[in-house]
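Q: I'd like to ask you about the structure that follows.
The values are calculated or read from the model by the stated rules, or taken from the named source; none is laboratory data. Note that the coordinates shown come from a computational prediction; the quantities given were computed from them, not determined experimentally. Here Cβ is always computed from backbone atoms with ideal geometry, including for glycine, and neighbour counts include all displayed protein chains. These area figures cover heavy atoms from the full protein model, side chains too; ligands, DNA and RNA do not enter into them. Shrake-Rupley method; radii C 1.70, N 1.55, O 1.52, S 1.80 Å.
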Amino acid sequence: MEETPSQPTPPAEAVDTASSDATNEAPLRVNRTRTGIHAKPTPSPEAELDDPSLYFNRELSHLQFNIRVLEQALDTSHPLLNRLMFLLIFSSNLDEFFEIRVAGLKHQLMLGHEDASAPDGLPPRRVLAEISRIAHEQTERQYRILNEELIPALEEQRIRYRRRAQWTQAQRDWVREYFDDEIAPVISPIGLDPSHPFPRLVNKSLNFIVELEGKDAFGREGGLAILPAPRSLPRVIRLPDALAEPGYTDYVFLSSMIHAHAQEVFPGMEVRGCYQFRLTRNADLTVDPEAVSDLASALRGELLARRYGDGVRLEVADNCPDRLAHFLLRQFELDEPDLYRVSGPVNLTRMMSVLGDIERPDLLYRPFMPGLPKPIKNDGSLFEAIRHNDILLHHPFQSFAPVEDLLREAARDAAVLAIKQTLYRTGADSSIVSALVDAARNGKEVTVVIELRARFDEADNLALASRLQEAGAIVIYGVMAYKTHAKMLHIVRRESGELRYYAHLGTGNYHSKTAKLYTDYSLLTANETLCEDVHRVFQQLSGMGKPRDIVRLLHAPFVLHQRLVEMIDREAKIAEKGRKAHLIIKCNSLTEPRLIRALYRASRAGVSCDLIIRGMCCLRPGVPGISDNIRVRSNIGRFLEHTRVFYFHNDGKPETWASSADFMERNMFHRVETCFPILDRKLAQRVRKDLETYLVDNCQSWLLQEDGSYRKQEPCGAAPISAQETLLYAYASKA
């Protein structure tokens, strides 16, 4: 189907505005909420829009998003293995939160930055204290969900995680053999004494602290030892089917195997205790643009340092004695709030491997076949189809394959002269890169702007750069002080003796795997003005000079922020004249203060503001006289919401834009971003219907409250509506 079915009117709670009889003299009320301690603003229409009480702290808001992800593990509308997946994603997200966000706050304190600099007015020390409180609470909750909800439910489905006390004799024998053959040859115990200082342990690695008694071969008295788990081994091992009860699939943890045979690692000594732990380190990369002459070489050095950054969190088994936990804290220069006791494996994210091992489609989301729009369903040249009309793809409901196919066709087509593309997160085995390699080898002029600093993808991007350079492509690392985050492809083709441009612009990365998991838009176009704009942005990136006139595109760090503020203010002026004014903003994060102030102004003027913000949101909705015309919702479901789409009613002359940028400071001022208009009227109407579908979602939608908490939407007797399911039905083929 080409169009989303029409949707019912939004439920009343999604459109009603708040009202209040409070006076200007009402005092500030301090609320302790799930996102921290905030002063509730006086409901005065004259309140200053930079009042800290009007802003949520971005780090605490980020934590709230992770909590909404964890909530999915309890949602029985998701298949069981996908519920486990959400719990593990929460674990992975929390790891990154500590590696980057908490590490950044700790670094501020180390530099003596005690004062608040963020719009919310909370100093770093207070934010860290609140993070610690929430993270301890949610970590304990995570393991409770795992142990009391998911593991019993999996066992009912004959999928079991076997603890040591549950092993049969045959399983014990197999574990011993596995330990002798696979673990013992690669394990390296480290006794602690004056000649064996505490080792440097790799970020997030699984380790054990072991208490020993007796004398070793050199006559040294027992004490403490560190036992790093071999990083080359899986953390969850499937037992042979012959050792499980009929119909059951049994798994054991590597940590259980090491616990069971720790005594054998220290022959002649008595192991009095063996306790797993894991250290999370600062993993942010810092490259000084003033001191770097070769970005690639500098990053290679930083990647090695990332494994041994300062400690920010210590996880230990919940049965670890206090004296050992505090010993570890001292070694890593951490404090009591940095200690997290867990009831289970300390490295839950590594359980993700099990999801691909279990062949139980009945416990996973039903499969589907991504759809294709009519213009490219038939065999034929993609260039011809794009030349006829713009093509808009909505991933993952519609296939990412046309983007890959366009590059492959361009690589083979003798009429294609040049290809330019940005790559941010692409994947080590990318078909996109393979097509670019083929194009370069076929004599095309191939220029690739690779952002080496895409966090946690730096190593892959360095490898991709080398592969492309070896094929003869020109590789550029963008602009030193600005990450290249724009998603652009530009193709030059000779047709009838003249040069013609084709372009792809997207909200997501050129990554075929994440295109199956993230919602994003892709625009394929031959529009002369848009394609010329893309060409000029590439010239800015590869050459030097002042910004050239760009007609249709909005691009950061030059005009995007200013134009977005202007478009929001334009809606406010329309509302002030008593005419209908409405905007819909869908993006991943909303933190930039000037954009928030513009939205507050629009709300005060009477603009109906619907914000669909997946993650961080620093705007406080529902404040009488300030933001009572603003509704903020977050959609969490099967797919990661990733589209950045902006709709403005514009006095009956609607404008619809899609972008690579979020409403964040870094996107507006410190990155190269593009924001492109959907010029085709039918395509723009389609995007508007997609947005309206999210606004009536009552199954996977969470409304942000004035106090900073989120309330899950429920059908409450109405027909259940899931935006993602609706879009799947509208666009995807059924498998």
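Q: Rank by packing, highest mean first: peptides 398-410, 223-235, with packing defined as the count of other Cβ atoms within 10 Å averaged across residues. List each step's numbers first, then the result.
A: Working: 398-410: 21.2, 223-235: 16.4.
Order by mean packing, descending: 398-410, 223-235.
Q: Let me ask you something else. Compare the peptides 688-696, 328-336, 719-727 by average per-residue count of other Cβ atoms within 10 angstrom and give them in order, highest first.
A: Numbers: 688-696: 20.8, 328-336: 14.7, 719-727: 18.8.
Ranked from most to least packed, the peptides come out as 688-696, 719-727, 328-336.
Q: Which loop-located trypsin sites (Lys or Arg not before Pro) does the range 564-668 contain, where loop means any DSSP state but H, G, I, E or B and the Cβ has at most 13 other Cβ atoms within 10 Å?
A: Values: sites: Arg570, Lys573, Lys577, Arg579, Lys580, Lys586, Arg594, Arg597, Arg601, Arg604, Arg614, Arg631, Arg633, Arg638, Arg644, Arg666; in loops: Lys577, Arg579, Lys580, Arg614, Arg638, Arg644.
Sparse-neighbourhood loop trypsin sites (Lys or Arg not before Pro): Lys577, Arg579, Lys580.
Q: Still on this structure, please answer the following. Decide, for the range 434-507, between rounded, prolate and oblate: order the square roots of the alpha carbon gyration tensor eigenvalues as a ≥ b ≥ c, take rounded if a/c falls under 1.5, and otherwise choose prolate if a/b is larger than b/c, else oblate. Intermediate results must be reported in sequence, preceding the final value.
A: On the way: a/c = 2.57, a/b = 1.52, b/c = 1.69.
Here the range 434-507 falls in the oblate category.
Q: For the range 640-652, take each phi angle, set θ = phi - 60°, evaluate the Karplus expression 6.51 cos²θ - 1.76 cosθ + 1.60, and give the result in whole Hz per residue in order, putting x for glycine and proline.
A: Result, rounded to whole Hz: 7, 5, 9, 5, 10, 9, 10, 10, 10, 5, 6, 6, x.
Q: Would you please calculate the Kirkwood hydrodynamic radius of the range 108-167 over all C-alpha pairs and express it in Å, rounded to one decimal?
A: Values: mean 1/r = 0.0670 Å⁻¹.
Kirkwood hydrodynamic radius for the range 108-167: 14.9 Å.
Q: Search the structure for amide H atoms under 5 Å from the amide H of Val479, placed 1.01 Å from N in the peptide plane, and list their residues when 5 or more places away or on another chain.
A: Here the answer is Thr484, since their amide H atoms fall under 5 Å of that of Val479.
Q: Show me the ranking of peptides 497-505, 534-542 by mean Cβ neighbours inside 10 Å, starting with the highest. If you can, show how the numbers build up before the last one.
A: On the way: 497-505: 17.2, 534-542: 19.8.
Highest to lowest by the protection proxy: 534-542, 497-505.
Q: Output needed: percent of Cα pairs per 10 Å distance bin for the range 594-659, bins running from 0 to the one holding the longest distance.
A: Percent of pairs per bin, in order: 19, 48, 30, 4.
Q: While we're looking at this one, here's another question. Could you check what % of the DSSP bridge pairs in the chain are antiparallel, to the nearest 5?
A: Values: 75 of 108 bridges.
Roughly 70 percent of the beta bridges in the chain run antiparallel, per DSSP.
Q: For the chain, report the accessible area per residue in Å² (1.4 Å probe, heavy atoms, rounded to an integer).
A: Working: 30990 Å² over 735 residues.
That works out to 42 Å² for each residue.
Q: Moving on. Can you give the helix-only mean residue ellipticity at 222 nm for the chain, where every DSSP H stretch with n ≥ 4 adds -39500 (n - 2.57) and the sum goes over all residues, rounded to the nearest 500 deg cm²/dmol? Write out the running numbers ahead of the final one.
A: Values: 22 runs with 237 residues, N = 735.
Taken over the chain, the calculation gives -9500 deg cm²/dmol.
Q: May I ask you to list the chymotrypsin sites (Phe, Trp or Tyr not before Pro) in the range 229-281 that are in a DSSP loop and have at most 16 other Cβ atoms within 10 Å of their Cβ? Provide the component values of the computation, followed by the final result.
A: Numbers: sites: Tyr248, Tyr251, Phe253, Tyr275, Phe277; in loops: Tyr248.
Taking the range 229-281 and a limit of 16 other Cβ atoms within 10 Å, the loop chymotrypsin sites (Phe, Trp or Tyr not before Pro) found are Tyr248.
Q: At q = 0.17, 0.31, 0.32, 0.33 Å⁻¹, what log₁₀ I(q)/I(0) does a Debye calculation on the Cα points of the range 373-419 give, no solvent, two decimals?
A: For the range 373-419, the Cα-only Debye profile gives -0.51, -1.31, -1.35, -1.37.
Q: Working from the alpha-carbon coordinates of the chain, get Rg over Rh, Rh being the Kirkwood radius.
A: Details: Rg = 27.7 Å, Rh = 28.2 Å.
With Rh from the inverse mean 1/r over Cα pairs, Rg/Rh is 0.98.
Q: While we're here: Could you tell me the distance between the Cα centroids of the range 309-325 and the range 486-545, to the nearest Å?
A: 49
Q: Here is the link list: Lys483/Lys689; Lys487/Lys516; Lys483/Lys546; Lys682/Lys712; Lys516/Lys682; Lys513/Lys586. Which ones come out longer than 27 Å on Cα distance? Spell out each step's value before the answer.
A: Numbers: Lys483/Lys689 33 Å; Lys487/Lys516 17 Å; Lys483/Lys546 18 Å; Lys682/Lys712 33 Å; Lys516/Lys682 25 Å; Lys513/Lys586 23 Å.
The answer is Lys483/Lys689; Lys682/Lys712.
Q: Ok, one more. Whole-Å semi-axes of the range 121-254's equivalent ellipsoid, largest first, each the root of 5 times a Cα gyration tensor eigenvalue?
A: Semi-axes, largest first: 31, 30, 12 Å.
Q: Still on this structure: Over the C-alpha atoms of the range 365-500, what are the Rg and the largest Cα-to-Cα span, Dmax, in Å?
A: Computed over the Cα atoms of the range 365-500, radius of gyration and Dmax are 15.8, 51 Å.
Q: Continuing with the same structure: Given the protein chains as shown and a 1.4 Å probe, how many square angstrom of Trp174 are accessible, to the nearest 10?
A: 60
Q: Could you give log10 I(q)/I(0) at q = 0.11, 0.16, 0.20, 0.24 Å⁻¹ for the range 315-416, computed by the Debye formula over C-alpha point scatterers of equal weight, without solvent?
A: Evaluating at q = 0.11, 0.16, 0.20, 0.24 Å⁻¹ gives log10 I(q)/I(0) of -0.65, -0.83, -1.04, -1.21.
Q: Shifting gears a bit: Separation between the Asp318 and Met369 pseudo-spin-labels, each 7 Å from Cα along Cα→Cβ, expressed in nm?
A: 4.8
Q: Write down the Kirkwood hydrodynamic radius of the range 466-625, to one decimal in angstroms, obtained as one divided by the mean of 1/r over all alpha carbon pairs.
A: On the way: mean 1/r = 0.0533 Å⁻¹.
Averaging 1/r across every pair of different Cα atoms and inverting gives 18.8 Å.
Q: Take the Cα atoms of the range 46-205, build their convex hull, and give its volume per residue in Å³. Walk me through the intermediate numbers first.
A: Working: hull volume 28.9 nm³, N = 160.
Measuring per residue, one finds 181 Å³ for the Cα hull of the range 46-205.
Q: Also, I was wondering about something else. Can you list the trypsin sites (Lys or Arg not before Pro) in the range 94-146 that are in a DSSP coil and have 13 or fewer other beta carbons within 10 angstrom?
A: Details: sites: Arg101, Lys106, Arg125, Arg126, Arg133, Arg141, Arg144; in loops: none.
In loop regions of the range 94-146 (DSSP not H, G, I, E or B), there are no sparsely surrounded trypsin sites (Lys or Arg not before Pro).
Q: OK, next. Report the percentage of all Cα-Cα pairs in the range 528-584 whose separation exceeds 15 Å, rounded to a whole percent.
A: 59
Q: Same structure again: With the calculation restricted to Cα positions, what are the radius of gyration and Dmax of the range 548-677 in angstrom?
A: 14.0, 44
Q: Run through every distinct alpha carbon pair of the range 341-380 and return the Kirkwood hydrodynamic radius in angstroms, one decimal place.
A: 14.4
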